[in-house]
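Input: a single structure, listed below in structure tokens.
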RNA sequence: GCGCAGAUGGCGGAGUGGUCAAUCGCAUCUGACUGUAAAUCAGACGCCUUCGGGCUACGUAGGUUCAAAUCCUACUCUGCGCA
């Protein structure tokens, strides 16, 4: 099995830096090259630098990074596409005899790579989904139940209160597709590392990071992208967090103090959601101190020297 | 000092005699997650409970009433106006 190291955890715990540190450590100590793959749903986009806290070239310290700056913000993307793309990249990395580190906080993206669970194998019918938007959740639910009986498909996994999910389920069944089975085992030889920080510490880090990004010009970045028509307010809304609230601020829907407060809580809530997501994987080695990664790497690489 | 307004759960803010442990928003807690995932969605949220219910609560102290967060009186505090 080919090796794959993951570095996961909530935002603002220092994953990106740790990935670089780990990469350099492995290269120096074992002479094996390492390449990093970002698992961040927004850092994939060009121009979104300060807002997503994207790692700089300098901070990469020469370690190759993948899945950063590959799309224009206006282009749409999906977990499915992500999973496919990363699969290719992994293959190349393994061919080169290098070890990949998948690093990021987007749980679903990690799942798509590690377990190859990126959803049903039925492409979305965007037009049809738009039509469905016009119905309310109860009507949609009724439709879904009818369809499931017609097509004899189990829909017990669908969250019937979540409009988006119900629409997608209807979409899949209407196309005669079926829901993918969930894989529970990984095709890779895994080392999963989670970076953990206690609530108070994490809150503090989030606040400090936010203040710093404001100083760095996070708002101006978006203003400029709006001027250049690289971003729209609509797109900023779907990008979430920083972009969503900056958009509201620039449109004067909220004041600066409100912006700061709302954004802080939104990031904090996001971090909690990430924590819940990663909780379900029992094979993650949770560490609090970055230095604790070294023995884990030593053991992993010594026990299973990567071959290609 | 006088006048007016107000004091509600961690915060904001509804409620103005019974259906109020008290709408709602925020925060908090727990969780879901099958092609938008930094997204989307759910549950809990006074205390106790054998889950039937019980108890204590709407500034404080009294009062009216079968019944009060809601009416009356006094007091305390806060805001605005006049002195």
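The values are calculated or read from the model by the stated rules, or taken from the named source; none is laboratory data. Computed from a predicted structure; not experimentally measured. Cβ: placed from backbone, ideal geometry, glycine included. Neighbour counts: every protein chain shown.
Tabulated values for the structure
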{"item": "Residue match in segment A:223-230 (condition: surrounded by 13 or more Cβ atoms within 10 Å (Cβ to Cβ), in contact with a helix residue (DSSP H, G or I) (Cβ under 6 Å, 6 or more places away or on another chain) and over 30 Å from residue A:290 (Cα atoms))", "result": "no"}
{"item": "Qualifying residue in segment A:59-76 (condition: loosely packed, with under 14 Cβ neighbours inside 10 Å, under 30 Å from residue A:216 (Cβ atoms) and near RNA strand B (Cβ under 8 Å from one of its atoms))", "result": "yes"}
{"item": "Test: residue in segment A:279-296 that is in contact (Cβ under 8 Å) with a residue 12 or more places away in the chain, touching a helix residue (DSSP H, G or I) at 6+ places or on another chain (Cβ under 8 Å), near RNA strand B (Cβ under 8 Å from one of its atoms) and part of a helix (DSSP H, G or I)", "result": "no"}
{"item": "Scan of segment A:74-107 for residues that are assigned to a loop (DSSP other than H, G, I, E, B) and under 22 Å from residue A:23 (Cβ atoms), ordered by number", "result": "A:96, A:97, A:98, A:104, A:105, A:106"}
{"item": "Complete set of residues in segment A:12-31 that are crowded, with 24+ Cβ neighbours inside 10 Å and out of contact with any strand residue (DSSP E or B) (no Cβ under 9 Å at 6 or more places or on another chain)", "result": "A:12"}
{"item": "Boolean, residue A:187 is more than 13 Å from RNA strand B (Cβ to nearest atom), assigned to a loop (DSSP other than H, G, I, E, B), in contact (Cβ under 8 Å) with a residue 12 or more places away in the chain and surrounded by 14 or more Cβ atoms within 10 Å (Cβ to Cβ)", "result": "yes"}
{"item": "Search result, residues across segment A:162-182 that are assigned to a loop (DSSP other than H, G, I, E, B) and either surrounded by 14 or more Cβ atoms within 10 Å (Cβ to Cβ) or modelled with pLDDT of 90 or more (or both)", "result": "A:162, A:175, A:177, A:178, A:179, A:180"}
